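Each remark here refers to the structure printed beneath this line.
The values are calculated or read from the model by the stated rules, or taken from the named source; none is laboratory data. Bear in mind the structure is a predicted one, so any value in this text is a computation, not a measurement. Cβ placement follows ideal geometry from the backbone for every residue including glycine, while neighbour counts extend to all protein chains displayed.
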Amino acid sequence: MDNEQKRYEDHIAGRNAVTEALKSGRPLDSVLVAKGDRQGSISAIVAKCRQMNIPVKEVDSRKLDAMAQNHQGVIAVAACKEYAELEDLFAIAEERGEPPFFIVCDELEDPHNLGAILRTAEAAGAHGVIVPRRRAAGLTSTVYKASAGAVEYVPVARVANITETLKDLKKRGIWVYGLDMDGETWCRTDLTGAMALVVGSEGRGISRLVKEQCDFILSLPMAGQINSLNASVACGIVLYEAARQRQHIPAVQPK
């Protein structure tokens, strides 16, 4: 493991240590506090997290015990990279002179899936990934490893509400494509323009409210007995179809 990965392996345990991490502005993915513990400086830590839009998760104290000793009821999980703003993603597209090409993760919870999506997004030339602030995988050390370092090159914007963000994207000329079992075959759809591809959670898929904001629903034909693919695999297939179309590469080379 290289030094960059080691840097983000550590959790920050203890009230004073977490307080100082918040003061320093160090990128944090989330702060875990023991259920029912709001005594003393814990309340101040929670308030500071809310001010900085850092998710606070109440967990069983046994989970904290398994993560670190002397945690005093609070552990901060360091982010492997600072989160971007939505405008940063648009700026990258503009710098490259390309129509925006985003991936939106709707409550994707498996960090390995998020890492794999980031890796494929970087390879396919996407301009960034959008994730929700809560109930989803964030930029943890596991995501860093799964992305094979791609997180260093693909900005990840964390937003409060995916549905409202999609509404905003649509107002700015972005076509929204959702991945779902019941939809248009992926390879028959024009993916050359400004687009955001929505990937749902591993178990539930795209939520109803998010699906309502999709302009198109895309599906992958399934010839076997299994009726779905891993979220990151399905995303990768469609990302590369979009990359092929956007680079004007013919599906079949002429003889």
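Quick one: LEU218 ticks every box in (1) buried (at least 16 other Cβ atoms within 10 Å of the Cβ); (2) out of contact with any Gly (no Cβ under 7 Å at 6 or more places or on another chain); (3) aliphatic (A, V, I, L, M) except a single one, so which number is it?
Condition not satisfied by LEU218: (2).
From the list VAL46, VAL74, exactly one residue is under 20 Å from SER141 (Cα atoms), out of contact with any His (no Cβ under 7 Å at 6 or more places or on another chain) and β-branched (Val, Ile, Thr). Which is it? First the steps, then the outcome.
Working: VAL46 fails: under 20 Å from SER141 (Cα atoms).
Result of the check over VAL46, VAL74: VAL74.
Within the stretch 148-155, does at least one residue satisfy the condition of being among the aliphatic types (A, V, I, L, M) and at positive phi? So that I can check it myself, show each step before the final result.
Initially, the stretch 148-155 is screened for residues among the aliphatic types (A, V, I, L, M), giving 148, 150-151, 154.
If we keep only those that are at positive phi too, we end up with 148.
Among the residues of the stretch 148-155, at least one is among the aliphatic types (A, V, I, L, M) and at positive phi, which makes the answer yes.
Just one of (1) of a type in the set (A, V, I, L, M); (2) surrounded by fewer than 17 Cβ atoms within 10 Å (Cβ to Cβ); (3) in contact with a strand residue (DSSP E or B) (Cβ under 6 Å, 6 or more places away or on another chain) trips up LEU209, so point out which.
That leaves (3) as the condition not met.
Of all residues being outside any strand (DSSP E or B) and of a type in the set (Gly, Ala, Ser) in the stretch 67-84, which is nearest to LYS57 (Cα to Cα)? Just the residue, please.
Taking the stretch 67-84 first, the residues outside any strand (DSSP E or B) are 67-73, 79-83.
After this cut, where a residue has to be of a type in the set (Gly, Ala, Ser) as well, the list is 68, 73, 79.
Working: ALA68: 16, GLY73: 12, ALA79: 15 Å.
Out of the qualifying residues, it is GLY73.
For the stretch 83-97, state whether one or more residues are under 23 Å from VAL31 (Cβ atoms) and not hydrophobic (A, V, I, L, M, F, W, C).
Yes, some residue in the stretch 83-97 is under 23 Å from VAL31 (Cβ atoms) and not hydrophobic (A, V, I, L, M, F, W, C).
Which residue out of ILE54, ILE45 is part of a loop (DSSP other than H, G, I, E, B) and at pLDDT 85 or above?
Working: ILE45 fails: part of a loop (DSSP other than H, G, I, E, B).
Just a single option satisfies the conditions, and that option is ILE54.
Counting only residues that are touching a residue at least 40 places away in the same chain (Cβ under 8 Å) and surrounded by fewer than 17 Cβ atoms within 10 Å (Cβ to Cβ), how many does the stretch 223-232 have? Step through it out loud before you land on a result.
If we filter the stretch 223-232 for residues that are touching a residue at least 40 places away in the same chain (Cβ under 8 Å), which is where we start, we get 227-228, 230-232.
Filter once more, so that each one left must be surrounded by fewer than 17 Cβ atoms within 10 Å (Cβ to Cβ): 227-228, 230.
Residues that pass the stated criteria total 3.
Go through the stretch 207-232 and give me each residue that's among the β-branched types (Val, Ile, Thr), out of contact with any Ser or Thr (no Cβ under 9 Å at 6 or more places or on another chain) and modelled with pLDDT of 90 or more. Break it down stepwise before answering.
Filtering the stretch 207-232 for residues among the β-branched types (Val, Ile, Thr) gives 210, 217, 226.
Now restrict to residues that are out of contact with any Ser or Thr (no Cβ under 9 Å at 6 or more places or on another chain): 217, 226.
Answer for the stretch 207-232, where residues must be among the β-branched types (Val, Ile, Thr), out of contact with any Ser or Thr (no Cβ under 9 Å at 6 or more places or on another chain) and modelled with pLDDT of 90 or more: just ILE217.
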